[in-house]
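Peer 1: This is the structure, below, for whatever I ask next.
The values are calculated or read from the model by the stated rules, or taken from the named source; none is laboratory data. What you see is a predicted model; the values in this text were computed from it and never measured. Cβ placement follows ideal geometry from the backbone for every residue including glycine, while neighbour counts extend to all protein chains displayed. Ligands, DNA and RNA are excluded from the accessible area calculation, which covers all protein heavy atoms including side chains. Shrake-Rupley method; radii C 1.70, N 1.55, O 1.52, S 1.80 Å.
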Amino acid sequence: MSLRTALVALLAVAALVKSDEDIYIDDALSNGWQNWGWSTVINWAATDLAVGTSSISAVSDAWAAVSLKSPTTIAGFAGLKFDIAADPAQLQLYFQSTADNTQSSNVPISAISAAINPTSFTTVIVDFSALPPSGAPLEAGTWDRINFQALGNGASYHLDNIQLLTSIVVTPKFLSAEPIASNYIAVTTQGAVNFTSVAVKLNSVAVAVTGVTTYVPPDTPSRSITYLKLASRLVPGTLTVAAGDLSVSYTLPTVQYGSITTAVTTPISPLIYGVNWPPSASYIQQLGVTISRWGGNAVTAYNPFGDFTNAANDWYFENRASDGGKADTWIGWIKAAGSQAMMTIPALDWVAKDSTSYSYPKSIYPNQQKFDPYNADAGNGLFPNGSYVQPTPDPNRAYVPWNTTAARTWLTGLANKPEFVFIDNEIEIAGNTHQDIHPAPMSYDEELTRMVAYAKMAKEVLPNAKVAAPSTCSWWFYWTSAVGYTDNTAHNNVDFLPWFLAQMKSASTTAGKRLLDYLDIHYYFQPDLSANDDAAKALRLRMTRSLWDPGYVDESWAGSNVQNHQPNGAAVWLIPRMKQLIDSNYPGTKLSISEWASTADGDITGGLVTADVLGIFGRYGVDVATYWSNPDAKGPVGLAYWLYRGSGTYFGNTGVQVNLATYNAANTYGVYAATEGGKLSVVIINKDTKPLGLDLSNVPTGSYLLRHFGGASGVAKYQATITLTSSQYIVIPAYTAFFIKQT
Ligand SMILES: *[C@@H]1O[C@H](CO)[C@@H](O)[C@H](O)[C@H]1NC(C)=O
Ligand SMILES: *[C@@H]1O[C@H](CO)[C@@H](O)[C@H](O)[C@H]1NC(C)=O
Ligand SMILES: *[C@@H]1O[C@H](CO)[C@@H](O)[C@H](O)[C@H]1NC(C)=O
């Protein structure tokens, strides 16, 4: 090759290889980057906190952002490096496309590094092939904006030395190694590591590895796992694993005893594995979503004759295009994806008239507490002192009238029929959420009148649809109305839900047909977990007892300030209590919980709570349940659904009895077993921060599909086919949800 050819070749290579790109180093954005942020006060040359001469200081209103816009897409870069000083709980990062206005998934700043703090800079790298917290790659997209966005409380933060990186070197490394099942070590690694150097010792005796199987999760390829099959079974004592630089040791605890009695069975309703608003058919498949709800505050104002809605007090009483598009189309694709559809029928007197109007314009009501950061004219309907803006707005400003005749026209015309209909959503608090169209507090009597009128209409138009109501928001409103306890008094001191059930029974008798098929409630755990420290996490993990345990006094206001006329009123004891109320007031009615949530969707403890709750719903006979709202499929809550139902592998439909020797086991473990088609499936949730060794008699040895998430490997999901060589000592790592099903 001549010198000239060599030079040309070298230049050609240089042109192909990108170099790192500075977005901000000192004083100003560089390389053509611009700020497209909103509702944020920015100093581009702040000196109060800086690496080098200056930094970006930003103060964002709720949901406002510093939005850095590149002249070109950021395709081809491997990651983003920046210095940040912030309260990590107040900010998130996401990528956006100007070309099609799509957004990436959100990366909570708290998930990037535990070291991030408001008083000093922390240098972090976000690897586009492994976004925190799930480890999934950045979605494909024509990304050209990088957004640092405040969450609902706003944020004050500093950024510095923002750079796109062309390469991120992943050093091959052992990350974790944990005992699991009866004779495996689950090892997570990054990069290509050499497994021949792994040494396992149990009680100081070397144990040979007889099999090595590596699994690369399709959604999170950055987190591969290798199952090392051991020549002998795990037993109590000290286990050490040495691999490369990693050396870990576990105390395998003495055994806890339990048994399965396959002769004692309860049917598990297939409809407890639902969510609100699944984003796609593939999501329904991946998580095994059996039932999907069109719900939430905005559906109260859904206008099916234009597909508009109003966000109510969730967002400045602004109209917008309906979240789910056209209800008829939504029902169609939900059912085609294999899920049942639950449609909410509005039951107030107004629905949104268009996609742009709003109830409280600044031009009419200048004196308001807050205005929309994206629309400075739309206020939140409150005076600065927090009381409702007066006079009440003209409903015609943003709405058109609605009644059962309009609802009948809509339901009659549906090409796709829903399996379930709800009569509105949390209508008992309409005087607050929808203060613009229903400023008066909802009373027992008004609520019943609306429920009966719409239920009758729905039963006429859709005789095969199940009616579910009244979708009451919370423990407080199960027992009283927004009018207050004078309303109980006016109804012989009968608490709301038992009164409602009895009234629906009598209205059904009058109508000559059942008007209420499912008593529907929303259930949100009440304990204050905001600290999210070790104590709060332990409380989160044991509060699932409120769903079933009559001996569990709720560790919240509900347990210490009893405001109902119910027996054992300090225990929530939710499912058995509701079933008793149904039996005494309207027998034959089924139980639906159409909103509930883990209290921490991004935290492993939220995922463990979800796995525990799904087991409890099955065991105690909930008929329908849908999560609020659609958990990230790759996050801890989504993984709990996948554990039970993912991609066609199901936990059994017939629950079998599980006996655990210690009463307090419910604080630390959840153990659920079921059969279907002669195959046993078992879910074990270890809520403890150390491994569990469980002797579960009557679990046959043999070949099983194993699925798990959590543990030292982080939240990522794993599965493998394993051999259970013993049911006398099954090890579940700390903070892990574990599923096995006979193959
Ligand atoms: C893996 O490690 C073993 C033992 O340390 C060594 O003999 C072998 O050559 C290594 N294999 C590779 C591919 O590096
Ligand atoms: C709140 O402010 C409004 C408007 O200034 C006023 O009319 C109202 O009386 C105030 N309410 C209370 C409780 O102070
Ligand atoms: C609903 O409103 C329309 C239009 O005002 C009216 O014709 C109809 O009678 C109303 N239906 C009921 C049940 O009140």
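Peer 1: Considering only the range 65-100, state which residues are within 13 Å of ILE23 (Cβ to Cβ), part of a loop (DSSP other than H, G, I, E, B) and open to solvent by less than 60 Å² (accessible area, probe 1.4 Å).
Peer 2: Correct list: SER70, ILE74, PHE77.
Peer 1: Just checking: which of the helices (runs of 4 or more DSSP H) contained wholly in the range 575-668 hold 3 or more residues that are closer than 15 Å to LEU271 by Cα?
Peer 2: 604-619, 636-645
Peer 1: Just checking, how many residues over the range 421-437 are under 23 Å from the mean Cα position of the chain (by Cα) and of a type in the set (S, T, N, Q)?
Peer 2: Number of matching residues: 2.
Peer 1: Hey, could you check the range 340-372 for residues that are assigned to a loop (DSSP other than H, G, I, E, B) and open to solvent by less than 30 Å² (accessible area, probe 1.4 Å) and say which is farthest from ligand 1 (Cβ to nearest atom)?
Peer 2: So the residue we want is TYR365.
Peer 1: Determine which member of the set ALA177, ALA208, ALA192 is among the small types (Gly, Ala, Ser), touching a residue at least 60 places away in the same chain (Cβ under 8 Å) and more than 16 Å from ligand 3 (Cβ to nearest atom).
Peer 2: Going through ALA177, ALA208, ALA192 in turn, just one is among the small types (Gly, Ala, Ser), touching a residue at least 60 places away in the same chain (Cβ under 8 Å) and more than 16 Å from ligand 3 (Cβ to nearest atom): ALA177.
Peer 1: Still on this model: Look at the range 415-428 and say how many of its residues are crowded, with 21+ Cβ neighbours inside 10 Å and not in a strand (DSSP E or B).
Peer 2: Of the residues in that region, 6 qualify.
Peer 1: Hey, another quick one. Given THR626, THR649, which one is buried (at least 20 other Cβ atoms within 10 Å of the Cβ), of a type in the set (S, T, N, Q) and over 26 Å from LEU239 (Cβ atoms)?
Peer 2: Going through THR626, THR649 in turn, the sole match is THR626.
Peer 1: Related question: One residue is enough: does the range 296-313 have a residue meeting the conditions open to solvent by 60 Å² or more (accessible area, probe 1.4 Å) and not polar (S, T, N, Q)?
Peer 2: The answer is yes, given that some residue of the range 296-313 is open to solvent by 60 Å² or more (accessible area, probe 1.4 Å) and not polar (S, T, N, Q).
Peer 1: Taking into account only those residues within the range 247-295 that are touching a Pro at 6+ places or on another chain (Cβ under 9 Å), of a type in the set (S, T, N, Q) and under 21 Å from VAL622 (Cα atoms), which is surrounded by the fewest Cβ atoms within 10 Å (Cβ to Cβ)?
Peer 2: THR290
Peer 1: Let me ask you something else. Could you tell me which residue of the range 44-64 is nearest to GLN163 (Cα to Cα), considering only residues that are part of a loop (DSSP other than H, G, I, E, B) and either in contact with a Leu (Cβ under 8 Å, 6 or more places away or on another chain) or hydrophobic (A, V, I, L, M, F, W, C) (or both)?
Peer 2: Applying the filter and picking the extreme gives VAL51.
Peer 1: Could you list, in sequence order, the residues of the range 122-172 that are among the charged types (D, E, K, R) and surrounded by fewer than 20 Cβ atoms within 10 Å (Cβ to Cβ)?
Peer 2: ASP127, GLU139 - these are the residues of the range 122-172 that are among the charged types (D, E, K, R) and surrounded by fewer than 20 Cβ atoms within 10 Å (Cβ to Cβ).
Peer 1: Looking at THR392, THR404, THR412, which is the one that is surrounded by fewer than 13 Cβ atoms within 10 Å (Cβ to Cβ), of a type in the set (Val, Ile, Thr) and farther than 26 Å from TRP38 by Cβ?
Peer 2: None of the other options fit; the residue is THR412.
Peer 1: On to the next question. Those residues that are within 14 Å of THR188 (Cα to Cα), touching a residue at least 24 places away in the same chain (Cβ under 8 Å), in contact with a strand residue (DSSP E or B) (Cβ under 8 Å, 6 or more places away or on another chain) and assigned to a loop (DSSP other than H, G, I, E, B), I need them from the range 216-249; list them, please.
Peer 2: Those that are within 14 Å of THR188 (Cα to Cα), touching a residue at least 24 places away in the same chain (Cβ under 8 Å), in contact with a strand residue (DSSP E or B) (Cβ under 8 Å, 6 or more places away or on another chain) and assigned to a loop (DSSP other than H, G, I, E, B): PRO217, THR220, SER222, ARG223, GLY244, ASP245.
Peer 1: Moving on. Of these, MET543, MET504, which one is open to solvent by less than 20 Å² (accessible area, probe 1.4 Å), in contact with an Asp or Glu (Cβ under 7 Å, 6 or more places away or on another chain), among the aliphatic types (A, V, I, L, M) and touching a residue at least 12 places away in the same chain (Cβ under 8 Å)?
Peer 2: Unique residue meeting the criteria: MET543.
Peer 1: Scan the range 723-743 for residues that are of a type in the set (Val, Ile, Thr) and either open to solvent by 10 Å² or more (accessible area, probe 1.4 Å) or within 23 Å of LEU287 (Cβ to Cβ) (or both) and jot them down.
Peer 2: The answer is THR723, THR725, ILE732, THR736, ILE740, THR743.
Peer 1: Sticking with this structure for a sec: From the list LYS679, LYS687, LYS590, which residue is at pLDDT 95 or above, of a type in the set (D, E, K, R) and farther than 30 Å from HIS522 by Cβ?
Peer 2: That would be LYS679, the only listed residue that is at pLDDT 95 or above, of a type in the set (D, E, K, R) and farther than 30 Å from HIS522 by Cβ.
Peer 1: Cβ-Cβ under 8 Å, sequence separation 6+ or interchain: first residue in the range 707-722 and outside the structural domain of LEU230 (by the TED database), partner acidic (Asp, Glu) and in a strand (DSSP E or B). Which pairs?
Peer 2: Qualifying pairs under 8 Å: GLY711/GLU178; ALA712/GLU178; SER713/GLU178.
Peer 1: Checking SER104 against (1) modelled with pLDDT of 95 or more; (2) surrounded by fewer than 16 Cβ atoms within 10 Å (Cβ to Cβ): exactly one of these is not met. Which one?
Peer 2: The failed condition is (2).
Peer 1: Do you know which residues across the range 629-646 are open to solvent by 20 Å² or more (accessible area, probe 1.4 Å) and closer than 22 Å to SER105 by Cα?
Peer 2: Those that are open to solvent by 20 Å² or more (accessible area, probe 1.4 Å) and closer than 22 Å to SER105 by Cα: SER629, ASN630, ASP632, LYS634.
Peer 1: Determine whether the range 392-404 contains at least one residue that is within 16 Å of ligand 2 (Cβ to nearest atom) and not hydroxyl-bearing (Ser, Thr, Tyr).
Peer 2: yes
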